[in-house]
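Single-structure report; data block below.
The values are calculated or read from the model by the stated rules, or taken from the named source; none is laboratory data. This is a predicted model, so every value here is computed, not measured. All Cβ positions, glycine included, derive from the backbone under ideal geometry; neighbour counts span all protein chains shown. What goes into the accessible areas is simple: the full protein's heavy atoms, side chains included, and nothing from ligands, DNA or RNA. Shrake-Rupley method; radii C 1.70, N 1.55, O 1.52, S 1.80 Å.
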Amino acid sequence: MLFKKPQVAFYPFMVLRDDYKCVRCKSCVDQCSFNATYYDEDLDAILNHHENCVNCKRCEAFCPTDAIKVVKNPSTFHPDANWTAEAIRDIHTQMLTGAVILTSTGNDKPIRNYFDHLLLDACQVTNPPIDPLREPMELKTFIGRKRDDIQFDEDGINIKTKIGKQLELEIPVIFSAMSYGSINLNLQKAMARAAKEFGTLWNTGEGGLHKSLKEFKDCTIVQVASGRFGVDLDYLETSAAIEIKIGQGAKPGIGGHLPGEKVNEGIAETRMIPVGSDAISPAPHHDIYSIEDLRQLIYALKEATNYEKPVFVKIAAVHNVAAIACGIAHAGADAIAIDGVRGGTGATPKSLRDHVGIPIELAIAAVDDRLRKEGLRNEVSLIAAGGFRSAVDVLKAIALGADAVYIGTVAKIAAGCTQCQQCHTGRCAWGITTNDPKLAKRLNPDIVAENLYNLLRAWAHDIKELLGAMGINAIESIKGNRLRLRSWGLTEQENKILGVLPAGM
Amino acid sequence: MERKLMKVYPIEENCISCRYCEVACTMVHSESQDPVKAYKLEGLKPRPTVEVKGAVSISVMCRHCKHPFCFDACISGAITVDENGKVNLDEDRCVGCWNCVLVCPFGAAHPFVERKHSFKCDLCEERGFPACVEACPNRALIYDFER
Ligand code: SF4
Ligand code: SF4
Ligand code: SF4
């Protein structure tokens, strides 16, 4: 290609346009935010710079005459299981830029998805299933520290034991942390509204809480991360719970960097930093080098908020996650959030996204086991995150031992995301992970809030159907109930870690 | 005259410049009722036009003004105002002087040069509900009574 490095010609995607159907409305030209589509006046034709196309499918979705299909470039490298197109292209990128390859979303490598190897049970003959449309079925979930002992009044009916603050969820599904900056306010607004209406929570992420969202106080988890963006007493108090973010599944062990050019007035005000300055979250919290330090921060936050807010600690699922989780429980957290290797992000080095961490399924099982062994399971709630795709995944996670599940990617997909892995560029054509005003307005919070509400409603129905088939009428009864799971195609060792029997046993 | 007119109101903050309004309009005003044929065989053009400048985009169509300049300027009597205040353009009576095109402050009356008449939004009278409003995917057009 003229004036380009030769490797640029090996682009991964192509835009096919049925020129006969194209009416030159130029919608595609306007929708493409990656400079991959243009109109040539002299030729009166819509043309493409295929090398810029990221397969976001925005043009395809918005062509009024269905004239566009975005496809994989049929020109391939020589088929080779080791030297895949991705491996070759990555070398090209690095040899041309001399830089780490940045990417976004979650791990896209075929790391075994254990949810797909787990099967649920159902009742037949000897125990009756329950019809969720006829009989009450409860998905209510309480997050927070419980007690092992329960004492009753003399009458033996009323419970005397006092327990700490509990968060009441109508469905064990919470919108996961996505900061204002990494996503725009429109998506945060939509999540907050859907959470409030359905009776669950959303999470601010590490970018502070915009003043327009303060009204959602009672369904907001405010995050305190290593950059401490937007943290003050008012922030901590405008919440249902506080989450200390130590790490996230898509980039365990590293911090974050929101480039200055993305820090507009709203973001600057919310993060409490100057407009245009880089927002850097250090890799570690500089005041946390041990479980004791973590305990200090947990109690500092509790003290500041009068012991009224449950404090969560979020970590990435790394190799010794079970021991770390125990430490966190000992440190006094009310909930531990664990983000698995498939967790998403707005920006991460590709090498970290794809190769660091462990699958959330194994982490849930290991952490739940360890907490039980140490007698700590009731002390702390367990929230699993990272790659949940459906109500079935949620239910399987709960059967493995989680109390609730965080969903982030699902919310983005419900807002239009096609997983094109370009969040880090800030050019999201669907208006999700961008604060460019032209793009951000593509996301109408009213529409997305409705979509998210529908999604939660659908998942609740799904979970109820599955529970009913198992003869269970409350989500509480399946929690950690691995006897109702069977596996297929796993090794003995994997079954042992998951604590499930193979199908047929 | 008491005006009880429903009009199409564009909402700039929601408009994503997708041109669905343009193409839907063109399609429903065609013989073929097919968007491709409407543009390519019938040579039709959209009545709303999407104006884009940076992040600002808005679909502009006839406002059915209270004091329509086009009505005043029309030399052939093709433009009339009905009892509800709806501004009608009779394409058969239009002689193509383009006075309405020149005076419309919104640029909502367009010249159909090949057919020698002007054309503009008719609020989808035949159809009953404006096609642009129905097609808009981001709720950037609403059909409501005058405020
Ligand atoms: S959106 Fe479709 S019809 Fe419009 S210019 Fe692009 S290809 Fe042609
Ligand atoms: S809108 Fe997306 S899919 Fe379409 S050409 Fe641009 S980058 Fe490619
Ligand atoms: S259909 Fe709606 S969003 Fe699309 S250009 Fe027209 S008014 Fe704007």
Inset, instruction - Check A:His78 against each of (1) more than 12 Å from ligand 2 (Cβ to nearest atom); (2) within 14 Å of chain B (Cβ to nearest Cβ) and name the one condition it does not meet. - result: (2)
Inset, instruction - May I ask you to list the residues in the stretch A:30-59 that are free of Cβ contacts under 8 Å to residues at least 24 places away in the same chain and of a type in the set (A, V, I, L, M, F, W, C)? - result: A:Ala36, A:Leu43, A:Leu47
Inset, instruction - Hey, could you check the stretch B:10-29 for residues that are within 11 Å of chain A (Cβ to nearest Cβ) and in a loop (DSSP other than H, G, I, E, B) and say which is surrounded by the most Cβ atoms within 10 Å (Cβ to Cβ)? - result: B:Arg19
Legend entry - Test result for B:Val87, away from ligand 2 (no atom under 16 Å from the Cβ), among the β-branched types (Val, Ile, Thr) and within 14 Å of chain A (Cβ to nearest Cβ): no
Inset, instruction - State whether one or more residues within the stretch B:83-94 are in a helix (DSSP H, G or I) and modelled with pLDDT of 95 or more. - result: no
Inset, instruction - Tally the residues that are within 14 Å of chain B (Cβ to nearest Cβ), under 20 Å from the mean Cα position of the chain (by Cα) and open to solvent by less than 40 Å² (accessible area, probe 1.4 Å), restricting the search to the stretch A:446-469. - result: 2
Inset, instruction - Tell me the helices (runs of 4 or more DSSP H) entirely within the stretch A:25-126 that contain at least 1 residues that are within 16 Å of ligand 1 (Cβ to nearest atom). - result: A:27-31, A:58-62
Legend entry - Every residue from the stretch B:30-43 that is at the interface with chain A (Cβ under 7 Å from one of its Cβ atoms) and either within 17 Å of B:Ser59 (Cα to Cα) or outside any helix (DSSP H, G or I) (or both): none
Inset, instruction - Considering each residue of the stretch B:64-106, count those that are out of contact with any strand residue (DSSP E or B) (no Cβ under 7 Å at 6 or more places or on another chain) and of a type in the set (Gly, Ala, Ser), and give that number. - result: 4
Legend entry - Single residue of A:Glu292, A:Glu269, A:Glu303 found to be over 30 Å from A:Asn378 (Cβ atoms), at pLDDT 95 or above, in the same structural domain as A:His355 (by TED's automatic domain parsing) and open to solvent by 30 Å² or more (accessible area, probe 1.4 Å): A:Glu269
Inset, instruction - Scan the stretch A:13-42 for residues that are within 9 Å of another protein chain (Cβ to nearest Cβ), open to solvent by less than 40 Å² (accessible area, probe 1.4 Å) and in contact with a helix residue (DSSP H, G or I) (Cβ under 6 Å, 6 or more places away or on another chain) and report the count. - result: 4
Legend entry - Answer from B:Arg3, B:Arg47 - the residue that is away from every other protein chain (no Cβ under 11 Å) and either of a type in the set (Asp, Glu) or in contact with a Lys or Arg (Cβ under 7 Å, 6 or more places away or on another chain) (or both): B:Arg47
Inset, instruction - Using the structure shown, decide if A:Pro437 is closer than 28 Å to A:Gly260 by Cβ and free of Cβ contacts under 8 Å to residues at least 12 places away in the same chain. - result: yes
Inset, instruction - Among the residues of the stretch B:50-68, write down those that are closer than 22 Å to B:Ile142 by Cα, open to solvent by 30 Å² or more (accessible area, probe 1.4 Å), within 12 Å of chain A (Cβ to nearest Cβ) and out of contact with any helix residue (DSSP H, G or I) (no Cβ under 6 Å at 6 or more places or on another chain). - result: B:Glu51, B:Val52, B:Lys53, B:Val56
Inset, instruction - Please give the number of the condition A:Cys53 fails out of (1) near ligand 2 (Cβ under 7 Å from one of its atoms); (2) more than 31 Å from the chain's Cα centre (by Cα). - result: (2)
Inset, instruction - Output the number of the condition that A:Asp155 fails; it satisfies all remaining conditions of (1) modelled with pLDDT of 95 or more; (2) over 30 Å from A:Gly357 (Cβ atoms); (3) open to solvent by 40 Å² or more (accessible area, probe 1.4 Å). - result: (1)
